Amino acid sequence: MIANEKFLQPVTHVIFDLDGLLLDTETVHGECINEVMGRFGKQLTCDLAVQIRGRPQKEGFQLLVEKANLPISADELIQLTDEKERKRFPESKLMPGAERLVKHLHQHSIPMAVCTSEKGEYYKLKISKYPELFKLMHHATCIPEEKEISRGKPHPDDSVSGALSGIAAGMQVVLVPDESLDKSKYPNVTCAIKSLFDFKPEWFHLPPFDDGI
């Protein structure tokens with residue numbers, strides 16, 4: 001799904017979300033939460049996963065505790081999950097098309113940044129397998145550590161939550177939705193694609209890929 005190309009504005013800078021767009025950390029995150037919930041005979045359903053995705057950590061886990069009726073507090077769930085994620089996050093894989101697009105934009109001197117709702121410590125763990133690729137980013141903003149940013153997604157001072165953040169900030173937004181997301185719940189983004197392999201730079205007046213893919 002793409003808006004009429006003649007209405008798309010030229011792009012000079014690009015901001016990427018991290019989880020589920022550049023790195024497949026959401027799979028790891030979901031597996032770790034599910035392992036903890038399994039101790040109490042509970043399961044992280046697709047519906048619950050969508051509801052907590054992109055929210056500030058404490059808010060998301062509190063929602064999870066309430067919806068799943070877990071016999072522990074949100075803080076305890078966070079601690080148990082964190083213990084597993086510290087070991088698993090460095091295993092995170094790149095999402096399809098991510099490396100290709102980042103290197104292409106860098107080759108054509110397009111400034112890039114990462115904006116994530118993750119803590120800086122965990123951001124470093126997640127990208128540790130790909131240091132050279134993430135060095136191509138001009139900047140990385142970890143929302144929990146930005147004192148001037150008090151609100152999480154979908155507010156502009158920061159999935160669907162990330163897309164709403166970009167829309168609220170007046171940006172053109174390309175959505176790469178999770179397959180489990182109901183299409184009727186898509187926000188009014190500039191365009192939605194299945195993966196970054198489907199992104200066409202020329203839509204936004206950027207140099208096209210020259211690799212023939």
Legend entry - Ranked by how many other beta carbons lie within 10 Å on average, peptides 45-51, 61-67 from highest: 61-67, 45-51
Legend entry - Computed label-point distance, nm, for sites residue 91 and residue 136 using a 7 Å Cα→Cβ extension: 2.6
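Over 24 Å between C-alpha atoms is what I'm after, so list which of 67/194; 58/87; 58/129; 84/194; 42/126 land there.
67/194; 58/129; 84/194; 42/126
For segment 25-91, what does the alpha-carbon gyration tensor say about shape, rounded, prolate or oblate, given a ≥ b ≥ c as the root eigenvalues, a/c under 1.5 as rounded, and a/b over b/c as prolate? List each step's numbers first, then the result.
Details: a/c = 1.41, a/b = 1.26, b/c = 1.12.
In terms of gyration-tensor shape, rounded.
Only the coordinates and a few stated rules stand behind these numbers; no lab work does. As the structure is a computational prediction, the values presented were derived from the model and not from experiment. In this analysis, Cβ positions are derived from the backbone assuming ideal geometry, glycine residues included, and neighbour counts consider all displayed protein chains.
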